[in-house]
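Comments concern the structure below.
The values are calculated or read from the model by the stated rules, or taken from the named source; none is laboratory data. Since the structure is predicted, the reported quantities are computational estimates derived from the model, not experimental observations. Here Cβ is always computed from backbone atoms with ideal geometry, including for glycine, and neighbour counts include all displayed protein chains. All accessible areas refer to the heavy atoms of the entire protein, side chains included, with ligands and DNA or RNA removed. Shrake-Rupley method; radii C 1.70, N 1.55, O 1.52, S 1.80 Å.
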Number of protein chains: 2
Amino acid sequence: MHTPDDVYALYYWDGLPGRGEYVRLVLEAVGAPYVDVTRLPKEEGGGHAPMFALLRGEGPGLRPLAPPVLVHDGRAIAQTANICAYLAARHGLVPDDPGAQAEALQLALTISDLVTETHDTHHPIAKALYYEDQKVEARRYAERFVAERLPKFLRYFEAVAAANRDGGVHLLGDALTYVDLSMFQTLEGLAYAFPRALARIEGELPRLMALRGHVAALPRIAAYRASPRCRSFNEHGIFRRYPELDGEPAPAS
Amino acid sequence: MHTPDDVYALYYWDGLPGRGEYVRLVLEAVGAPYVDVTRLPKEEGGGHAPMFALLRGEGPGLRPLAPPVLVHDGRAIAQTANICAYLAARHGLVPDDPGAQAEALQLALTISDLVTETHDTHHPIAKALYYEDQKVEARRYAERFVAERLPKFLRYFEAVAAANRDGGVHLLGDALTYVDLSMFQTLEGLAYAFPRALARIEGELPRLMALRGHVAALPRIAAYRASPRCRSFNEHGIFRRYPELDGEPAPAS
């Protein structure tokens, strides 16, 4: 895929939001021009084949191990939080100061950890096996996730938002950063995959819930999500709705 | 813990190298002054209590979720690869260019993914449970790790090193970066925890093995590893020697 230097090329699995969606939200929030390569028709250089070529080391720059991959300016950049941070620095979605950028990346990587553990609820043994082949272990993993890990992560982010006293709804500083976008996407995914678990705890998360509403209402994000470019969650991505993993319903209040 | 502005304060679990060792290797490689806080005597402000205070949000800057944490210049910086990247940019262990820094971080985060999966071989279900309480699942996880994931990661890094044609032993560019140090530490850990699995594949990894030898021979790294500041691997960290997880011995050649 050859795009002009000022156009980003995103390579990710078609058919699911997955980790690619974290990158898309940054691109959409700043209105950056990009091509979602695998979603193009094959006759226009799309489909999965160009992504697999990148992963075989046939693209520009450093060979990536896994998607999402952003190709820009002769480089192939992988790792979700890294791509988001790279774009954010170029488009004003993170402060210029190296210390503030380290704080932002720290939060983004902690969100990545939560995303990985969320994925592992349905794949605790091996990515190469189907969910159906690890359902027993998934049930045991998910019990601990719902009871311990998910509340631990979300209470942590709520505390970070609460400590950011002059920051309004933002996790860091007083303006939108890519960390807010990544937190939004994670909350959306959790609401899809773990509605009961989230319902049990969301009363403790007023700032995160306000952040979620704020990001959803950003004009560019709202327009994107109403467009055909934005795909729904389904049972092929990170966030899957398997009710057997979601614990008991919240008690009636 | 109050240190002068030009002295770094590292907070990590005492008694194991763990993820803290990735940060120590960067500090040691550049000869930066630092205090390993939890290893100080309690009467000098050491022990684990100051680390727990940081994790409760009682320190400077952003509250971290988990160690390692580096306190510097009024900020508390967490997430291993993030700390290493922050230090590397300050001390010349990564190029100044944002694109090259994104490539370095991509590799560092892919090493982090390997480290996380290595950890999960003995903790596939829950970090809060003992290994003894998840041995059955650990056996199943480790079988796939040894057969599929470990070779996939290491062949990937070998291919990255091989593609860096003018880079000598380095993974990126033609000079030492923090990525080389992190790769070294990971290979050391794997040699400790998975000696059979590594022996089966190391013939395919000439560049990684050369990198391992190169880093071990760097004067500051060699001096550090011979010092009491460097702790041995043991069964309390990421890299644990549980022979039942390490697959079959390599066939005699």
Selection count, the range A:103-117, where residues are within 9 Å of chain B (Cβ to nearest Cβ), among the acidic types (D, E) and under 26 Å from A:A138 (Cβ atoms): 1
Search result, residues across the range B:150-167 that are open to solvent by less than 50 Å² (accessible area, probe 1.4 Å), over 14 Å from B:M183 (Cα atoms) and within 11 Å of another protein chain (Cβ to nearest Cβ): B:A162, B:N164
Of the criteria (1) free of Cβ contacts under 8 Å to residues at least 24 places away in the same chain; (2) outside any helix (DSSP H, G or I); (3) open to solvent by 40 Å² or more (accessible area, probe 1.4 Å), which one B:S227 fails: (3)
Residues located in the range A:230-253, provided they are surrounded by 11 or more Cβ atoms within 10 Å (Cβ to Cβ), modelled with pLDDT of 95 or more and more than 23 Å from the chain's Cα centre (by Cα): none
Number of the exception - A:A100 against (1) in contact (Cβ under 8 Å) with a residue 24 or more places away in the chain; (2) facing chain B (nearest Cβ under 10 Å); (3) touching a helix residue (DSSP H, G or I) at 6+ places or on another chain (Cβ under 8 Å): (3)
Failed criterion for B:Y178 (all others in (1) more than 8 Å from chain A (Cβ to nearest Cβ); (2) under 30 Å from A:A142 (Cβ atoms); (3) of a type in the set (S, T, Y) hold): (2)
Out of B:G237, B:G203, B:G247, sole residue that is among the small types (G, A, S) and assigned to a helix (DSSP H, G or I): B:G203
Matching residues, the range B:118-128, being more than 9 Å from chain A (Cβ to nearest Cβ) and either farther than 18 Å from A:Q134 by Cβ or in a helix (DSSP H, G or I) (or both): B:T118, B:H119, B:T121, B:H122
Answer from B:A191, B:A197 - the residue that is in a helix (DSSP H, G or I) and free of Cβ contacts under 8 Å to residues at least 24 places away in the same chain: B:A191
Some residue of the range B:50-66 being within 14 Å of another protein chain (Cβ to nearest Cβ), touching a helix residue (DSSP H, G or I) at 6+ places or on another chain (Cβ under 9 Å), under 26 Å from B:L150 (Cα atoms) and in contact (Cβ under 8 Å) with a residue 40 or more places away in the chain: no
Test: residue in the range B:176-199 that is farther than 26 Å from A:L62 by Cβ, in contact with an Asp or Glu (Cβ under 8 Å, 6 or more places away or on another chain) and open to solvent by 20 Å² or more (accessible area, probe 1.4 Å): yes
Hits in the range A:210-224 (condition: surrounded by 15 or more Cβ atoms within 10 Å (Cβ to Cβ) and either free of Cβ contacts under 8 Å to residues at least 12 places away in the same chain or outside any helix (DSSP H, G or I) (or both)): A:L218
Strands (runs of 3 or more DSSP E) lying entirely in the range A:1-117 (those with 2 or more residues that are buried (at least 16 other Cβ atoms within 10 Å of the Cβ) and of a type in the set (V, I, T)): A:69-72
Hey, A:Y141 surrounded by 22 or more Cβ atoms within 10 Å (Cβ to Cβ), within 10 Å of chain B (Cβ to nearest Cβ), in contact with a strand residue (DSSP E or B) (Cβ under 8 Å, 6 or more places away or on another chain) and part of a helix (DSSP H, G or I) or not: no
